[in-house]
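All remarks here apply to the structure that follows.
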Amino acid sequence: MEAKVVKINGPVVVAEGGNFVINEMVRVGNLKLIGEVIGLDDDFATIQVYEETSGMKVGEPVEGTGNLLSVVLGPGMIGSIYDGIQRPLKFVEKLSGGPFIQKGIETFPLNTHKRWKVEFLLEAGDTVNEGQIYAQVKEGAIVHKLMVPCGVNNKKIVERIDKSELTVKDYVYILEDGTKLGMYQTWPVRIPRPVKKRLPESVPLITGQRVIDTFFPIAKGGTAAIPGGFGTGKTMLQHQLAKWADADIIVYIGCGERGNEMTEVLTEFPKLQDPRTGKPLMERTILIANTSNMPVSAREASIYTGITIAEYFRDMGYNVAIMADSTSRWAEALRELSGRLEEIPAEEGYPAYLASRIAQFYERAGYAETLSGKRGSVTVIGAVSPPGGDFSEPVTTHTKRFVRCFWALDRELAYSRHYPAINWNTSYSGFIQDLRAWYGENVDEKFPEYRDKAMSILEEDGKLQSIINIMGEDVLPDSQKLVVRIAKMIKVGILQQNAYSAVDSYCPLKKQFLMLKTVMDFYEKAKEFVEKKVAMSVILKEDIVSKIMRMKEEAKTEEDIMEVYRLVQDHFKSVEEKYRE
Amino acid sequence: MAVKEYTGVKKAFGPLIVLEGVKGAAYDELVEIEANGKKRLGKVITIDKDLVIIQIFEGTAQLSLPNTKVRFTGKPLEVKLSPDMLGRVFDGLGRPRDGLGEVVSSEKRDINGLPINPYSRVYPRNFIQTGISTIDALFTLIRGQKLPIFSGNGLPHNELAVQIARQSTIKEGEFVVVFAAIGLKNSDVRFILSSFEGTGASKNIISFLNLASDPVVERIATPRVALTVAEYFAFDLGYHVLVIMSDITNYCEALRELSNYRGEIPSRKGYPGYMYSDLATIYERAGIIEGKEGSLTQLPILTMPNDDITHPIPDLTGYITEGQIVLSRDLHMRGIYPPINVLSSLSRLMKDGIGEGYTREDHPNVASQLFAAYSRVQEVRSLASIIGEEELTDVDKAYLRFGESFEREFIKQDFSEDRSIEQTLDLAWKMLSYLPEEELTRVSKEQIDKYLKKVK
């Protein structure tokens, strides 16, 4: 019996008849809109439709596809921009006949005309197992590896295709049971792709942002949340991370956010260079854009689409970073759909399963040994947009439970144009101990120690500020005044970083260390002289302090910073000489 | 498509009616309701087998269950489009209100529009000179941007919107203003429309008026009708269009009222959980499109209930729009017009639309320096209020003086005063000259030599 629409309520449609399974992808109505079955009750199927249902009538047909909601994984994804259910927006534009997205558009996610030069890694007679890499093509800045789909084990290759330039629709090998190993595979988005085993995260994802790398670092395979009210710079920070993080692949999910922000990435990234490979940043980036005015249920799906693509590249042995901007919009989509389904709400109208959905998403991050024995990672960085900037709301509090880094953006800092507006008192990183060894071995053995000292100065400054706010700085003894001044040096000279500056937008780790060392050694020396009752104005000589504050911008090389460092040493030598006299 | 007509309604409450035994109704389609010889418009909001719920834009007042006729039109609510709409006044659903007769055109479009493909957008970066120093220097308006004014009751947001619209000069192209009044008071509408009279802008204005006394549910449609017309002028006819929508707060109230009647589960302060998505379908209609000549810039106005910026209406708006201009009651009380709160306002698109080749080479640094200095002023002021001004250091005293002049000379300007960007930036340097030169860390030495000397 053919299924028919019996009820329509926005993106939620009920169909009668048909024989569907949960999470099956279906085609709804005369326009064949894409939908997913989310509930079954006797003969009725509740369907979430990924497009606007205006104009749909009761009695229109619903067709099953027999497949779960899935993504297509193969060469041609890099540099693309997709909507929440992996329709390439470039082709959607063509098929819509213009800039406005029409309904019911069906298009294959990969370019089917492009010919790829394939490097075959196996021959007839070889045996294959799931996850094994059988061929590869060059795509963008990476080598795209084709892997045996899950469930195919211990099968012999009987034939190899007799061409070397293939399109994604071609097969590569034929196995003994007739299975074809193609150029692409599909995977249901709501199911995590398997790995051989999870490994501990012990290598940092280097972002070139001092407040992150130096103070609140994240590991490859780690999870982080960026909560912040509007105007605090969430998107700006996500863009900075997408530009500079040392990942092989970036998946940027614009989930319910502004259209112009995606356009900005599309215009800017092809012009920017990856500092490691020298290739345009777009050649390692995949965009998923389900902007705020696009259908809300596809917004719900976009997060899964993005993370499934990320896992696919991880399985090739790459380090992938996902930026999800914003997970709050995804949670709101859940809430809206839950409301339409007339479920009983928990906090603030959100469904009771909000926490478990957030957990499932972040748990797909990780550092792992893949089925083919390589090492790869998925790092997840999710923006959170708490209503009214209130961090006690459900999405922020639940997210906090499942992430290890919390980079809290602060409205006060943003108002005074302190960017990135990450509040050093309320933020934290759970990776500091795990990464200590790496920083010690790869940057400088004193890095972790300097970092801890700087943090304690910031903390002490926090306490002193509350006194200053009431009585002014003059009431403090010199030793505490010094702490306040050094804290200011850290805040302005190190924590503040100008994303628009060619020099400062990306700060290499070594430079970060040297800057920190300069400030902290300055502090140690200054402390000695304060104890010896030397006047503050002599210790904090104007031009030296100004040099330190400006070194992020003016010191272009490591040598330049060492020069500042030497100036500081000379300065203290002359103070010492004067003091002796 | 055959038009179907039914007589008799099962249930009527608030703005909703329920019909039974309906065949072939389409979701979201437009219906015409006839009762007591008067016509009303409505749309289908839920279909459950043969049961249909309809939302009536004019409300259900004086409706009787058996005598009401309902016609299903088989199409969504549409608006007629024609270049002759320039200078005309319409009601909140796009029907003429000026007695000049119907718009004659075969071009009709669904008021809900369709989402702009992010791939087809052009990133906006062309500066609009509003002639208002604070906006031009610190919150630069960019063609294709959506920049709301967050105001409060009794603050001069209407004046500011009018001044922006009147003075906005763009370097090329003709400029059309689309004005959507959403539940506005009669006096506000009169002020806004009369302010354009006698200026060149009056023939380039298209107005859609839903007044405070007009049906509440109609407010849901008003911004969409206005934006459909605006999109037509921008992307079909190639005009640069500025859309002023006031007051978004009234729109959200209408949305809440309707949601309540529909028995939906509310989220914050009783507003529906989908308010973010709903507002986005309005605000995201701003922009520039590849291959099209025109642009659509939005200047929505909202009054923050109780001046609370964390209230759901300004909050959700701020998450969608590209910045916000926040008005300050404090500055207003001190007689400063326009009372723009410098620290909480923001323009997200200005970074790519200012500086060399756009405004002036020193603009980004000057703006950054003004922000930094003015934010320091706030600290000094709160310190001075505790320890007294005499106890301040000389540098802090200089900041106080800067803050005072900045507010009195830079922010403050006359309702009809139109400053060029050069005048504005020179004035900014004059303000900075009140500070010791060492404090100017965000501008370069060369810029200090070039501009500071000039104003001193």
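Any chance you could count how many residues in region A:142-170 are in a loop (DSSP other than H, G, I, E, B), within 27 Å of A:ARG375 (Cα to Cα) and open to solvent by 30 Å² or more (accessible area, probe 1.4 Å)?
To start, the set of residues in region A:142-170 that are in a loop (DSSP other than H, G, I, E, B) comprises A:148-154, A:161-164, A:167-170.
Keeping just the survivors that are within 27 Å of A:ARG375 (Cα to Cα) gives A:148-154, A:168.
From what's left, open to solvent by 30 Å² or more (accessible area, probe 1.4 Å): A:149-151, A:153-154.
Going through region A:142-170 one residue at a time, the tally reaches 5.
Conditions: (1) touching a Lys or Arg at 6+ places or on another chain (Cβ under 6 Å); (2) more than 29 Å from A:GLY339 (Cα to Cα); (3) not assigned by TED's automatic domain parsing to the domain that holds B:MET245. B:GLU20 meets all but one. Number of the miss?
Of (1) touching a Lys or Arg at 6+ places or on another chain (Cβ under 6 Å); (2) more than 29 Å from A:GLY339 (Cα to Cα); (3) not assigned by TED's automatic domain parsing to the domain that holds B:MET245, only one is false for B:GLU20: (2).
Being facing chain A (nearest Cβ under 8 Å), of a type outside the set (Ser, Thr, Tyr), in a loop (DSSP other than H, G, I, E, B) and open to solvent by 10 Å² or more (accessible area, probe 1.4 Å) is the filter here, so list the residues in region B:310-340 that pass it. Please lay out each step first, then the result.
From region B:310-340, those facing chain A (nearest Cβ under 8 Å) are B:310-312, B:315-316, B:318-320, B:322-324; that's our starting set.
Those left that are additionally of a type outside the set (Ser, Thr, Tyr): B:311-312, B:315-316, B:318, B:320, B:322-324.
Those left that are additionally in a loop (DSSP other than H, G, I, E, B): B:311, B:322.
Answer for region B:310-340, where residues must be facing chain A (nearest Cβ under 8 Å), of a type outside the set (Ser, Thr, Tyr), in a loop (DSSP other than H, G, I, E, B) and open to solvent by 10 Å² or more (accessible area, probe 1.4 Å): just B:HIS311.
Looking only at region B:96-131, count how many residues are surrounded by 15 or more Cβ atoms within 10 Å (Cβ to Cβ), away from every other protein chain (no Cβ under 13 Å) and small (Gly, Ala, Ser).
Count: 1.
State which residue pairs qualify: first residue facing chain B (nearest Cβ under 10 Å) and in contact (Cβ under 8 Å) with a residue 12 or more places away in the chain and inside region A:222-238, second residue acidic (Asp, Glu) and part of a strand (DSSP E or B) in any location, beta carbons under 9 Å apart, and separation of 6 or more residues or different chains.
A:LYS234/A:ASP325; A:THR235/A:ASP325
Any residue at all in region A:415-422 that's within 14 Å of chain B (Cβ to nearest Cβ), over 19 Å from B:LEU316 (Cβ atoms) and aromatic (Phe, Trp, Tyr)? If you could, list the steps in order and put the result at the bottom.
Within region A:415-422, the first condition is being within 14 Å of chain B (Cβ to nearest Cβ), and the residues that meet it are A:415-419, A:421.
If we keep only those that are over 19 Å from B:LEU316 (Cβ atoms) as well, we get A:415-419, A:421.
Add one more test, that the residue is aromatic (Phe, Trp, Tyr), and what stays is A:415, A:419.
Scanning region A:415-422, I find at least one residue that is within 14 Å of chain B (Cβ to nearest Cβ), over 19 Å from B:LEU316 (Cβ atoms) and aromatic (Phe, Trp, Tyr), so the answer is yes.
Does region B:288-309 hold any residues that are away from every other protein chain (no Cβ under 12 Å), open to solvent by 10 Å² or more (accessible area, probe 1.4 Å) and not β-branched (Val, Ile, Thr), and which are they?
Once the filter is applied, which keeps residues that are away from every other protein chain (no Cβ under 12 Å), open to solvent by 10 Å² or more (accessible area, probe 1.4 Å) and not β-branched (Val, Ile, Thr), region B:288-309 yields B:GLU293, B:PRO305, B:ASN306, B:ASP307.
Name the single residue, out of those in region A:427-450 being out of contact with any Pro (no Cβ under 9 Å at 6 or more places or on another chain) and not in a helix (DSSP H, G or I), that is farthest from A:THR518 (Cα to Cα).
A:GLY430
Out of (1) more than 14 Å from every other protein chain (Cβ to nearest Cβ); (2) more than 30 Å from A:VAL6 (Cα to Cα); (3) assigned to a loop (DSSP other than H, G, I, E, B), the odd one out for A:GLU106 is which?
(2)
Identify all residues within region A:20-68 that are basic (Lys, Arg) and either closer than 16 Å to A:GLY10 by Cβ or assigned to a loop (DSSP other than H, G, I, E, B) (or both); write none if there are none.
Residues satisfying the conditions are A:LYS32, A:LYS57.
Answer with yes or no whether B:LEU160 is buried (at least 24 other Cβ atoms within 10 Å of the Cβ), away from every other protein chain (no Cβ under 14 Å) and either assigned to a strand (DSSP E or B) or within 17 Å of the chain's Cα centre (by Cα) (or both). Don't jump to the end; show me each part of the working.
On the way: buried (at least 24 other Cβ atoms within 10 Å of the Cβ): yes; away from every other protein chain (no Cβ under 14 Å): yes; either assigned to a strand (DSSP E or B) or within 17 Å of the chain's Cα centre (by Cα) (or both): yes.
So B:LEU160 passes the test.
Filter region A:125-153 down to the residues that are of a type in the set (D, E, K, R) and within 18 Å of A:THR186 (Cβ to Cβ) and list them by number.
Correct list: A:GLU130, A:LYS145.
Of all strands (runs of 3 or more DSSP E) completely enclosed by region A:171-212, which ones contain at least 3 residues that are surrounded by fewer than 17 Cβ atoms within 10 Å (Cβ to Cβ)?
Fully inside region A:171-212 and qualifying: A:197-199.
Hey, any hits in region B:252-266 for a residue that's open to solvent by less than 10 Å² (accessible area, probe 1.4 Å), in contact with a helix residue (DSSP H, G or I) (Cβ under 6 Å, 6 or more places away or on another chain) and assigned to a loop (DSSP other than H, G, I, E, B)?
no
Collect the residues in region A:451-502 that are at pLDDT below 90, in a loop (DSSP other than H, G, I, E, B), at negative phi and buried (at least 17 other Cβ atoms within 10 Å of the Cβ), keeping them in residue-number order.
Selection gives A:ALA499 alone.
For region B:40-52, what are the residues that are part of a strand (DSSP E or B), more than 7 Å from chain A (Cβ to nearest Cβ), over 15 Å from B:PRO76 (Cα atoms) and open to solvent by 20 Å² or more (accessible area, probe 1.4 Å)?
Listed by number, the list holds a single entry, B:LEU51.
Exactly one condition in (1) in contact with a helix residue (DSSP H, G or I) (Cβ under 9 Å, 6 or more places away or on another chain); (2) facing chain A (nearest Cβ under 9 Å) is not met by B:THR359; state its number.
Going through the list (1) in contact with a helix residue (DSSP H, G or I) (Cβ under 9 Å, 6 or more places away or on another chain); (2) facing chain A (nearest Cβ under 9 Å), B:THR359 breaks only (2).
Taking region A:321-345, which residues are charged (D, E, K, R) and open to solvent by 10 Å² or more (accessible area, probe 1.4 Å)?
Hits for region A:321-345 are A:GLU332, A:ARG335, A:GLU336, A:ARG340, A:GLU342, A:GLU343.
Open to solvent by 10 Å² or more (accessible area, probe 1.4 Å) and either part of a strand (DSSP E or B) or more than 21 Å from A:THR53 (Cβ to Cβ) (or both) - does that describe any residue in region A:282-289?
yes
Scan region A:43-94 residue by residue and report those that are among the small types (Gly, Ala, Ser), more than 17 Å from A:ALA298 (Cβ to Cβ) and out of contact with any strand residue (DSSP E or B) (no Cβ under 6 Å at 6 or more places or on another chain).
Answer for region A:43-94, where residues must be among the small types (Gly, Ala, Ser), more than 17 Å from A:ALA298 (Cβ to Cβ) and out of contact with any strand residue (DSSP E or B) (no Cβ under 6 Å at 6 or more places or on another chain): A:GLY66, A:GLY74, A:GLY76, A:GLY79.
With A:LEU89, A:LEU95 as the choices, which residue is aliphatic (A, V, I, L, M), open to solvent by 50 Å² or more (accessible area, probe 1.4 Å) and within 14 Å of chain B (Cβ to nearest Cβ)? Full working, then the answer.
Working: A:LEU89 fails: open to solvent by 50 Å² or more (accessible area, probe 1.4 Å).
Matching residue, one of A:LEU89, A:LEU95: A:LEU95.
Within region B:403-425, identify whether any single residue is farther than 25 Å from A:GLN496 by Cα, surrounded by 20 or more Cβ atoms within 10 Å (Cβ to Cβ) and among the hydroxyl-bearing types (Ser, Thr, Tyr), and answer yes or no.
yes
A quick yes/no check of all residues on (1) over 20 Å from A:GLY104 (Cβ atoms); (2) of a type in the set (A, V, I, L, M); (3) away from every other protein chain (no Cβ under 11 Å):
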position	(1), (2), (3)
A:GLU2	no, no, yes
A:ASN23	yes, no, yes
A:ASP41	yes, no, yes
A:ILE47	no, yes, yes
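Tally the residues that are touching a Leu at 6+ places or on another chain (Cβ under 6 Å) and surrounded by fewer than 19 Cβ atoms within 10 Å (Cβ to Cβ), restricting the search to region A:1-55.
Qualifying residue count, region A:1-55: 1.
A:ILE105 is checked against (1) in contact with a Lys or Arg (Cβ under 7 Å, 6 or more places away or on another chain); (2) buried (at least 19 other Cβ atoms within 10 Å of the Cβ); (3) in contact (Cβ under 8 Å) with a residue 40 or more places away in the chain; (4) hydrophobic (A, V, I, L, M, F, W, C) and fails just one. What number does that condition carry?
(3)
The values are calculated or read from the model by the stated rules, or taken from the named source; none is laboratory data. Bear in mind that the values here come from a model prediction, so they are computed numbers and not experimental data. Reconstructed Cβ throughout: ideal geometry from the backbone, glycine too, with neighbour counts over all protein chains shown. Surface areas here come from the heavy atoms of the whole protein model, side chains and all, with no ligands, DNA or RNA. Shrake-Rupley method; radii C 1.70, N 1.55, O 1.52, S 1.80 Å.
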